[in-house]
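**Q** Dropping a structure here in structure tokens format, bear with me for questions.
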Amino acid sequence: MEITTYRLSGQRAERRFVADFAPEAVRLVRQRKAGPMPATRIVLTTTGGLQEMGLESMGKAAGVPRHLWPNAGPLRADHGVLYACTVLAPHGVDILIAVREAARLAGLDAVLLHEPVHALQFGTSTARRDELRYLHHTFGIQQMTTGDLWRNGRRRTAEEREAQRIEHRLLSRI
């Protein structure tokens, strides 16, 4: 697991916390959820950097030409401000964390227990294939049917519930 920064200045204490806690968080998550863990990179950034890196990672993973990346529009949170997300990347997955917002709104410990669950969810070939298909739809390459979009939404909702459940269980233990 690689930990890096993108367009982030300062935040030394938060960077140290992530470097110290992330390996332990992944270990705890892997005890709760089985499955292959794809190559994972944690990118500490700003909200703008999260948007840029998210589109770049997803666009490259899906093989979408750069000029089509704006078609996807901005990444969005289900509720409120998007401060963390896990996206497909050419090497596996990127966990993108807008450090200031994540620390203020959720706590870095909660984010570091939540997002690795999503990384594990992308570890199966079926999940990766489904996500690539959804990315092709999002970037305007190949449209999905209404039924496929509905199934994709249900899968995403179930995955989010699982990540929240595991995060809450692990937070109560640490």
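Only the coordinates and a few stated rules stand behind these numbers; no lab work does. Predicted, not measured: the structure shown is a model, and the values here were computed from it. Please note: Cβ atoms are built from the backbone with ideal geometry, for glycine as well, and neighbour counts cover all protein chains shown.
**Q** Would you mind stating whether Gly140 is at positive phi, in contact with a helix residue (DSSP H, G or I) (Cβ under 6 Å, 6 or more places away or on another chain) and not β-branched (Val, Ile, Thr)?
**A** yes
**Q** Something else: Arg76 versus (1) outside any helix (DSSP H, G or I); (2) over 14 Å from the mean Cα position of the chain (by Cα); (3) free of Cβ contacts under 8 Å to residues at least 12 places away in the same chain: which is the lone unmet condition?
**A** Only one criterion is unmet by Arg76, namely (2).
**Q** Can you spot a residue in the range 151-170 that is out of contact with any Pro (no Cβ under 7 Å at 6 or more places or on another chain), touching a residue at least 60 places away in the same chain (Cβ under 8 Å) and not in a helix (DSSP H, G or I)?
**A** Taking every residue of the range 151-170 in turn, none turns out to be out of contact with any Pro (no Cβ under 7 Å at 6 or more places or on another chain), touching a residue at least 60 places away in the same chain (Cβ under 8 Å) and not in a helix (DSSP H, G or I).
**Q** Quick check on Leu8: is it touching a residue at least 40 places away in the same chain (Cβ under 8 Å), more than 22 Å from Tyr134 (Cα to Cα), buried (at least 17 other Cβ atoms within 10 Å of the Cβ) and not β-branched (Val, Ile, Thr)?
**A** yes
**Q** Does the range 92-149 hold any residues that are without any contact (Cβ under 8 Å) to a residue 40 or more places away in the chain, part of a helix (DSSP H, G or I) and either hydroxyl-bearing (Ser, Thr, Tyr) or in contact with a Cys (Cβ under 6 Å, 6 or more places away or on another chain) (or both), and which are they?
**A** Ser125, Thr126, Tyr134, Thr146, listed by residue number.
**Q** Quick one: would you say Met37 is part of a loop (DSSP other than H, G, I, E, B) and under 14 Å from the mean Cα position of the chain (by Cα)?
**A** yes
**Q** Quick one: in the range 1-34, which of the residues that are part of a loop (DSSP other than H, G, I, E, B) and touching a Pro at 6+ places or on another chain (Cβ under 9 Å) is farthest from Leu112 (Cα to Cα)?
**A** That would be Lys33.
**Q** Still on this model: Pick from the range 52-73 the residues that are under 14 Å from Ile141 (Cβ atoms) and in a loop (DSSP other than H, G, I, E, B): which of them is nearest to the chain's Cα centre (by Cα)?
**A** Within the range 52-73, the match that is nearest to the chain's Cα centre (by Cα) is Ala62.
**Q** So how many residues does the range 33-65 have that are of a type in the set (Lys, Arg) and either crowded, with 20+ Cβ neighbours inside 10 Å or more than 17 Å from Ala102 (Cβ to Cβ) (or both)?
**A** 2
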